[in-house]
Amino acid sequence: MIRYDQHMHTYFSPDSSETLEAYLDQTTGPIVTTEHLDFNDLFMGGEDTILDYEKYRKTIDQLNTNYNHRIRKGIEIGYTKDSHAQILDYLKDKEFDVQLLSVHQNGEYDFLQPIVKEKNVQDVMNEYFPLLLEALEQFQTANVLTHFDYGIRLSDVSVDELQEHQAILKNVLRKVIDKEMAFELNTRSMYQYGNVALYEQMIKWYLELGGKSFSLGSDAHSTDYYGYHFEDAITLLEEQGVSSVTIFEKQQPTQLPLNTFKQ
Ligand SMILES: [Zn+2]
Ligand SMILES: [Zn+2]
C-alpha cells in the first residue's frame, strides 16, 4: 500500500528519535521527512534548531541506493520575522523536495507551551492568525502551509468562534492559492488535538475561494503516527468532492489520487 505522509520527523529533528528505515517499512512507495528548522527555538530554551543538512543528505543518499530511491528530503520552516534572513541564508545552497511553512511561536513563547492555556482564546487567535498571514506574505518559496491551527491546538475553539476570524483566515487561504501552495490537513491536529471541525470549515472556505491543492501530513514524530487517521481525512476530502492530494518532488507538485491510498 502506498501511503504518502507529507509531514513527519526523524532523529534529524531534536524532538524525534525515529529512524528513516522504520518509516520506509510503513509503505511500499516514496516517503519524505520534513525536519525542523527553528531559529531561536523557544522549546529548546531559545537555541537554534538547525537541520544538519550534510549529514541528512548523505544519510538519505546512502539509503536511497538500497531502497530504490524512495526517500525525499523535506524541511519544516518555523517562520518568524526576526529569523527570516537566517532562514534564507540557510536555504540558499540546499535542495529540498518540499518546504513546509509553519508558525510555531511569537518570539516570546511557542504556542504549544502551557502559558497559552491561560490566555483568552480570542486573544490567541487575534495574535496567531496575523502571524500566519505575515509568514505567507513574507516567505516566498514554501510549498505547503502546515497546521493553520497550531496556535490553538491547546485551546477549545468552536466553529462559531473560528468564523469570527473568517476575514483573516480567508486572506490566509487566498495567499495559499495565489502562491500555488498546498493547504495541509494536519491529521494530529484534527484527530489528536480535536480540531477536525475547524479543518472542515477551512476546507469549505478554501474550496469556495478556488483552492484545489491539499497536503496530507500526520506530523508524526514516530512511526506510531505515520499516516495517522488518513482514512478519516481522505473520507472528509472525498465528501467535499476532492479526489487527489498534492505531493512535491524537487518542489514541483504532482497530484496523487486518493484511490492510491486505498490500494
Ligand atoms: Zn510544526
Ligand atoms: Zn512538524
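The values are calculated or read from the model by the stated rules, or taken from the named source; none is laboratory data. The structure presented is a predicted model; accordingly, all values stated were derived computationally and were not measured. Cβ: placed from backbone, ideal geometry, glycine included. Neighbour counts: every protein chain shown. With ligands, DNA and RNA removed, areas are computed over all heavy atoms of the protein, side chains included. Shrake-Rupley method; radii C 1.70, N 1.55, O 1.52, S 1.80 Å.
Under 1.5 on a/c is rounded, so check that first for the chain, then, if it is not, pick prolate when a/b is larger than b/c and oblate when it is not; a ≥ b ≥ c are the square roots of the alpha carbon gyration tensor eigenvalues.
Here the chain falls in the oblate category.
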Quiz prompt | Most to least accessible of T28, T49, T59 (protein chains only, probe 1.4 Å) | solution = T28, T59, T49
Exercise. Could you order H229, H84 by accessible surface area, starting with the largest, using a probe radius of 1.4 Å?
Key: H229, H84
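For the range 110-153, what is the accessible area per residue in Å², given a 1.4 Å probe and the full set of protein chains?
That works out to 37 Å² for each residue.
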Quiz prompt | Calculated from backbone phi, Karplus (6.51, -1.76, 1.60) coupling profile of the range 212-220 in Hz, x at Gly/Pro | solution = 10, 10, 10, 10, 9, x, 7, 6, 5
Quiz item: Of all DSSP beta bridges located in the chain, what percent are antiparallel, nearest 5?
Solution: 30
Quiz item: Is the range 159-204 rounded, prolate or oblate when judged by the Cα gyration tensor, a ≥ b ≥ c being the square roots of its eigenvalues, rounded requiring a/c under 1.5 and prolate requiring a/b larger than b/c?
Solution: oblate
Quiz item: So which trypsin sites (Lys or Arg not before Pro) in the range 83-169 pass both tests, a DSSP loop state and at most 10 other Cβ atoms within 10 Å of the Cβ?
Solution: K92
Quiz prompt | Residues of the range 1-36 with amide N under 13 Å of a point placed 7 Å along Cα→Cβ from M44 | solution = 11-16, 35-36
Quiz prompt | Those GluC sites (Glu not before Pro) in the range 1-97 that DSSP places in a loop and that have at most 14 other beta carbons within 10 Å | solution = E95
Exercise. May I ask you to list the GluC sites (Glu not before Pro) in the range 164-263 that are in a DSSP loop and have at most 14 other Cβ atoms within 10 Å of their Cβ?
Key: E164, E180
Practice problem: Could you name the lysines whose alpha carbon sits less than 23 Å from that of K55, not counting residues in the same chain fewer than 8 places away? | Solution: K73, K92, K94, K250
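Taking Cα pairs under 8 Å and at least six residues apart, what relative contact order does the range 20-262 come out at, in percent?
Values: 360 pairs, mean separation 38.1, N = 243.
It comes to 16 percent, rounded to a whole number.
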